[in-house]
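The values are calculated or read from the model by the stated rules, or taken from the named source; none is laboratory data. Every value quoted in this text rests on a predicted model; they were computed, and no experiment measured them. Counting neighbours? That spans all protein chains shown, and the Cβs are built from the backbone with ideal geometry, glycine included.
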């Protein structure tokens, strides 16, 4: 069984369209359940799909919760922020590493780039920080891959990370997503809505743009994973 791990169910939207026999699962993490869990068949092979919120610790906790299912491999999927200015919305980035820890390459007919991810503990919102991270040698930024990699190493199983670009290196994020990020890794939509109301000319267009980008990125992710060999 392959374990696919993301931060939100939205990131699985394109994958689910290409899965058969999808069913809701209950996977316990500590005293609660993993936020979002589904199983199904992708390319005729069983997959378990988990989303447990943003952040490396949330990703690691989901891996720990899934170990009783004896996954054969872990693939951390989802959205990423472009650091390389050549990357476009929806473009697929296959990680060569996460924070220096090696990730395996996938075999796929789908177009993609390969490069190192940097996994941060916050949403990288400013172009200046994106530029600094790119100058440090990173291709894209996410928030979960390092935690998923840690879990894979503890289980002694192969680790992959496949990301889809949801914001460009040149795009400043005008909403304060970090302020809206809850301790459980979920986004406080009321907080974002209030930001949009108070800053309708900057934050509201930001949210609309991200929504469109996320749908495209999720679709491209589904297309790509449907063509992958691990």
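Among the residues of the range 133-155, those identified as in a loop (DSSP other than H, G, I, E, B) and under 13 Å from residue 85 (Cβ atoms) are 138, 139. Scanning the range 49-75 for residues that are in a strand (DSSP E or B) and either surrounded by 20 or more Cβ atoms within 10 Å (Cβ to Cβ) or under 14 Å from the mean Cα position of the chain (by Cα) (or both) yields a total of 5. Which residue is surrounded by the most Cβ atoms within 10 Å (Cβ to Cβ), if the candidates are limited to the range 89-106 and must be over 20 Å from residue 12 (Cα atoms) and over 16 Å from the mean Cα position of the chain (by Cα)? Ranking the candidates gives 101 first.
Residue 218 - would you say it is buried (at least 16 other Cβ atoms within 10 Å of the Cβ) and over 22 Å from the mean Cα position of the chain (by Cα)? So residue 218 does not fit the description; no.
When 110, 90 are screened for being at pLDDT below 95, in a loop (DSSP other than H, G, I, E, B) and in contact with a helix residue (DSSP H, G or I) (Cβ under 6 Å, 6 or more places away or on another chain), only 110 passes. Restricting the range 156-179 to residues that are out of contact with any helix residue (DSSP H, G or I) (no Cβ under 6 Å at 6 or more places or on another chain) and outside any loop (DSSP other than H, G, I, E, B), the residue that is surrounded by the fewest Cβ atoms within 10 Å (Cβ to Cβ) is 160. Checking each residue in the range 15-42 for being modelled with pLDDT under 95 and not in a strand (DSSP E or B) picks out 25, 26, 27, 30, 31, 34, 35. In the range 117-132, which residues are surrounded by fewer than 19 Cβ atoms within 10 Å (Cβ to Cβ), part of a helix (DSSP H, G or I) and in contact (Cβ under 8 Å) with a residue 24 or more places away in the chain? Passing the criteria: 127, 131. Every residue in the range 33-48 that is closer than 16 Å to residue 185 by Cβ and in contact (Cβ under 8 Å) with a residue 40 or more places away in the chain, please. 35 - this is the single residue of the range 33-48 that is closer than 16 Å to residue 185 by Cβ and in contact (Cβ under 8 Å) with a residue 40 or more places away in the chain. Restricting attention to the range 203-211, does a residue exist that is in contact (Cβ under 8 Å) with a residue 24 or more places away in the chain, closer than 30 Å to residue 107 by Cα, in a helix (DSSP H, G or I) and under 15 Å from the mean Cα position of the chain (by Cα)? Within the range 203-211 (the criterion being in contact (Cβ under 8 Å) with a residue 24 or more places away in the chain, closer than 30 Å to residue 107 by Cα, in a helix (DSSP H, G or I) and under 15 Å from the mean Cα position of the chain (by Cα)), the answer is yes, since at least one residue qualifies. Looking at the structure I just gave you, is residue 78 within 15 Å of residue 143 (Cβ to Cβ) and either surrounded by fewer than 23 Cβ atoms within 10 Å (Cβ to Cβ) or at pLDDT 95 or above (or both)? Considered against the rule, which asks whether it is within 15 Å of residue 143 (Cβ to Cβ) and either surrounded by fewer than 23 Cβ atoms within 10 Å (Cβ to Cβ) or at pLDDT 95 or above (or both), residue 78 comes out as yes.
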